[in-house]
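Below: one structure, written as structure tokens.
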Amino acid sequence: MAMAVALVLMVVASLLFHFLSPWWATPLASNWRQMDDTLTITLVVTAVFFVAINLFIVYTLLRFRHREGRRAAYQPDNKKLEHWLIVATSIAIMGLLAPGLFVYAAYVTVPANALDVEVIGQQWQWRFRYPGAGGKLGRSSIDLVSAANPFGIDPRDPAGQDNILVNNNELHLQINQPVRMLLRSQDVLHDFYVPPFRARMNMVPGMVTSFWFTPNKLGRYEVLCAQLCGVGHSGMRGYVVVEDAAGFQKWLKAQPTFAQTMAPPAPVAAAAAAPAAGAATGEALVAQGKALAESKACVACHTVDGSPRVGPTWKGLFGKTETMENGSTATVDETYLKDFIRNPQARVVKGFAPMMPKIEMSDAELEALVAYIKSYGTPAATQQAQQQSAPSR
Ligand SMILES: [Cu+2]
């Protein structure tokens, strides 16, 4: 009797939880209503069986409960019942699987007018590439990845020269324009997922996977990595901005082409790289470093408020004396930070696991990031460093 009551309570609680739960899907912002419909079908079919099977058990518990003087009947098989069960479960399983096949067929049939956009995942950041005026993405290879060429585009392939590069975590798309997302990973398994689009796909090192969708609602949506890809996984975030055609074209024009990024540094970048810049540039440099710390997901492992996470906090780090795993010590100055970021596995700080990934950064980017870390250093150390560096410049 207690078991029967427990089962009824479990069924009622499950149904109440479903209808009263605050966790509902985000509003749909793409063409994939079919994904939601498929999920609803799955939920309804499994819910009907869940309720029916549990209530059937409750019925048998009550109907065949122990009574004095009554004996159980032995019935080893019942062909008629077996046939019925086979038919019913077959129909239910077909009902569960068939809609998914139709939706998947649509998911892999890309419309002819779809714009190609490449997404590159790396622990724990996103990059994006669009074809330029030539309409083609140039050849790329993991072997060609370097600080100057983080996308690994083949400089000898003419098709890659006009490719538009977005070396941060914000992707822009045009409303009602179908896009085919071409996904690559530079290290481990990742998964590009924007919940309101309902479309996602794993990113597998060594291959290009793809899916398509049409964003149909203006807005700024969060990108998540949906495959556990290391300690910084939860910080692997980005944004997709869906805007009108004019806004999208304007944004796209402001992004550099591959040829431009490979050209000798522009005067602006050179100024940012020069440490002798004035106070205003110093602030801009710190702001640039902050943006980098966010887009490269440094903040997934390093805090700026003193609380420890996977890596050392940046609060009070600059100027501090760090002890290494092998007992040696080192003062955290600009050279130390740059060396560490450039080659994170070369030495191990005591108390921390050697798990920091190598993130390709240009000299200018590294300068900005170090300036940002420095801005959270101990006040005395920062002042000292400024005094030391001032006369020599
Ligand atoms: Cu990831």
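In this entry, G219 passes the filter for residues that are touching a residue at least 60 places away in the same chain (Cβ under 8 Å), surrounded by fewer than 18 Cβ atoms within 10 Å (Cβ to Cβ) and not hydroxyl-bearing (S, T, Y). Taken over segment 105-137, the criterion of being away from the ligand (no atom under 16 Å from the Cβ), over 22 Å from F248 (Cα atoms) and in a loop (DSSP other than H, G, I, E, B) is satisfied by V108, T109. The residue pairs whose first member lies in segment 353-371 and is charged (D, E, K, R), whose second member is surrounded by fewer than 18 Cβ atoms within 10 Å (Cβ to Cβ), and whose beta carbons are closer than 6 Å, counting only pairs six or more residues apart or on different chains, are K358/P344; E360/A147; D363/A273; E367/A273. I need the full set of residues from segment 337-351 which are surrounded by fewer than 16 Cβ atoms within 10 Å (Cβ to Cβ) and not basic (K, R), in order please. Hits for segment 337-351 are D339, N343, Q345, A346, V348, G351. The condition (being more than 30 Å from P354 (Cβ to Cβ) and touching a residue at least 40 places away in the same chain (Cβ under 8 Å)) is satisfied by just one residue among P158, P196: P196.
Only one of V110, V119 is out of contact with any Pro (no Cβ under 9 Å at 6 or more places or on another chain) and touching a residue at least 12 places away in the same chain (Cβ under 8 Å). Can you tell me which? Only one candidate qualifies: V119. On the stretch given as segment 8-38, residues that are more than 11 Å from R198 (Cα to Cα) and surrounded by 15 or more Cβ atoms within 10 Å (Cβ to Cβ) total 2. When segment 172-188 is filtered for residues that are in contact with a helix residue (DSSP H, G or I) (Cβ under 7 Å, 6 or more places away or on another chain) and either in the same structural domain as A293 (by TED's automatic domain parsing) or within 14 Å of the ligand (Cβ to nearest atom) (or both), only Q186 remains. All conditions in (1) part of a loop (DSSP other than H, G, I, E, B); (2) away from the ligand (no atom under 16 Å from the Cβ) hold for V242, with the sole exception of (1). Does N169 satisfy the condition of being modelled with pLDDT under 95 and within 16 Å of the ligand (Cβ to nearest atom)? Spelling it out, N169 is indeed modelled with pLDDT under 95 and within 16 Å of the ligand (Cβ to nearest atom).
Against the list (1) among the hydroxyl-bearing types (S, T, Y); (2) more than 21 Å from the chain's Cα centre (by Cα); (3) more than 19 Å from S295 (Cα to Cα), the condition T209 fails is (2).
Which residue is nearest to F258 (Cα to Cα), if the candidates are limited to segment 102-134 and must be exposed (fewer than 11 other Cβ atoms within 10 Å of the Cβ) and over 24 Å from the mean Cα position of the chain (by Cα)? Among them, the one singled out is A133.
Number of residues in segment 189-239 that are away from the ligand (no atom under 11 Å from the Cβ), not in a loop (DSSP other than H, G, I, E, B) and not charged (D, E, K, R): the value is 15. Residue count for segment 23-77 satisfying the condition of being in a loop (DSSP other than H, G, I, E, B) and touching a helix residue (DSSP H, G or I) at 6+ places or on another chain (Cβ under 6 Å): 2.
Mind listing just one residue for me: the one in segment 148-161 that is within 25 Å of D363 (Cβ to Cβ), among the small types (G, A, S) and surrounded by 14 or more Cβ atoms within 10 Å (Cβ to Cβ) and, of those, farthest from the ligand (Cβ to nearest atom)? Restricting to residues being within 25 Å of D363 (Cβ to Cβ), among the small types (G, A, S) and surrounded by 14 or more Cβ atoms within 10 Å (Cβ to Cβ), the top hit is G160.
The values are calculated or read from the model by the stated rules, or taken from the named source; none is laboratory data. What you see is a predicted model; the values in this text were computed from it and never measured. Note that we place each Cβ from the backbone using ideal geometry, even for glycine, and neighbour counts take in every protein chain shown.
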